[in-house]
Each structure stands twice: as structure tokens, then as C-alpha cells.
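Down below is the structure, laid out as C-alpha cells.
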Amino acid sequence: MGRWEPNARGRLEQAALELYIERGFDQTTVAEIAMRAGLTERTFFRHFADKREVLFGGASMLQEFLVGAVAGAPASAAPIDAIARALQTVGAQFDERRDSVRQRQTVIVANTELRERELIKLASLAAAMAEALRGRGVTDPAAGLAAEAGIAVFRIAFERWIDDTDQRDLSHHIRESLAELKALTAGASSHGVREGLGQVPT
């Protein structure tokens, strides 16, 4: 049996973030992360497949949480509202780790490969939530459109939250961004009706 190493995963995550910011992601090795955390490389690989997974290791848990929240939304909820409800439920988790999430985002933004990985993760989340909507009886294209729109709302809200000097919570920005989306689509719908009636848009 291996030696017990309290909070090894958390120590590795913190050490990795510190090194990624100090030296850059590409310049940091697994050996250096393990050394900074006071652990061995073997311990690192018990928790992470590679050094990228330090940044993306929570993606599957996030997806599972979102899918469960979509599935558990009230039966009367419209598709986009079920998605919005799910996104807001994860907001508190991000707020609790605001500093480390900001550090993580700083690392990702500075690296093209990591930015691409982040986009793939978001696409996977959208696909999973769309499938959860189908499980609620929502047909396509509504299921896919609602999920993709929800992820777009989340991306905008997340960026605002990262840059928010007033420290407002992520759920606030999600609600605000969703309201803007609904106002935009309502305006587009009204515009289309006026044009269909042969009226000059005002």
C-alpha cells in the first residue's frame, strides 16, 4: 500500500497553476509540478493523465452536474430556461474558487492548444445538454439550438465574471447575459414580423 498523501490532488493542482503562471505551460514539466507539491511523479500520474488534465480534469464532473440539472428542471420549463437553470446551479461552484479559476483562465488564454481544448470541452457540454433536452422530449432543432445558445450565454457570462472588479457572482452574469439574448431574439422576431407584413422597420 502506498504512503498516504493528504490532499495530493489539490497540492498538485496548486503547484501546477503556480508554475504555469510563473514559467508558462509549455516550459513546465510534470517532474517540476511534483517537486513543487512535495510529491512524486508517480503520485502525479495517479491523479492526472498528463499536465493538461490539471486544467481540464473537472470537465466530466461539470458535464454530469449540468446534465443532471437539465434533466431535473421543472417539466413546464422552456428548453432555454432549463439550460439557464442548469448553468446557474454551477455558478456557486465557480464563485467558491474564483481565484484559482482566474489563474486557470490566464494559463489557457496564453496557450493556443489549451484554448482549442477549452472550445472542445464547451462543445461537449453543449452536446450533452442537448441530449438531456431530448430526454425531456424536446425535439431538434430546438434541443440543439437551446444548448448551443446556453453555452454562448455561459461563455459571455464567464468572461464578464472573470473581469468583474465588483466581484458579482457568476449567476448574476448568466442571468444578465440570458436576458440580453432573450431581448435580442425578441427584437429579431418582431423585426421579422414587421418585414413580413411589408412594413418599414423602425
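Read-outs throughout are calculated quantities, based only on the coordinates presented, and are distinct from any laboratory measurement. Predicted model, so just to flag it, every value in this text is computed and none were measured. Cβ coordinates were reconstructed from backbone atoms using ideal geometry, including for glycine residues, and neighbour counts include every protein chain displayed.
With r defined as the distance between the Cβ atoms of R46 and T139 and R0 fixed at 35 Å, what FRET efficiency is calculated, to the nearest 0.05? It comes to 0.20. Between R160 and Q93, the contour length at 0.36 nm per residue exceeds the Cα-Cα span by 22.5 nm. Note that the range 152-161 has calculated 3J(HN,Hα) couplings of 4, 4, 4, 4, 5, 5, 5, 4, 5, 5 Hz, one per residue in order, obtained from phi through the Karplus relation 6.51 cos²θ - 1.76 cosθ + 1.60 (θ = phi - 60°); glycine and proline are x.
Could you sort 76-82, 153-159 so that the peptide with the highest average Cβ count within 10 Å comes first and the rest follow in order?
Ranked by mean Cβ neighbours within 10 Å, highest first: 153-159, 76-82.
The modelled label-to-label distance for the pair A183/T29, using points 7 Å beyond Cα in the direction of Cβ, is 5.4 nm. Available extension along the chain between R115 and A75 is 10.8 nm, counting 0.36 nm per residue and deducting the alpha carbon span. The calculated 222 nm mean residue ellipticity attributable to helices in the chain amounts to -24500 deg cm²/dmol, summing -39500 (n - 2.57) over DSSP H runs of n ≥ 4 and dividing by all residues. By the Cα gyration tensor, the chain has an equivalent ellipsoid whose semi-axes, rounded to whole angstrom, run 39, 19, 14 from largest to smallest. With contacts taken as Cα pairs under 8 Å at a separation of at least 6 residues, the range 1-156 carries a relative contact order of 23 percent.
As a ratio to 2.2 N^0.38 Å, the alpha-carbon radius of gyration computed for the range 8-53 takes the value 0.96. The distance linking the range 3-75 with the range 167-181 is 28 Å (Cα centroid to Cα centroid, whole angstrom). Each Lys and Arg Cβ is given +1 and each Asp and Glu Cβ -1; about its Cα centre, the chain then shows a dipole of about 360 debye.
Relative contact order, percent, of the range 8-53 when contacts are C-alpha pairs under 8 Å separated by at least 6 residues? Each step should come with its number before you reach the end.
Working: 34 pairs, mean separation 18.8, N = 46.
Over the range 8-53, the number comes to 41 percent.
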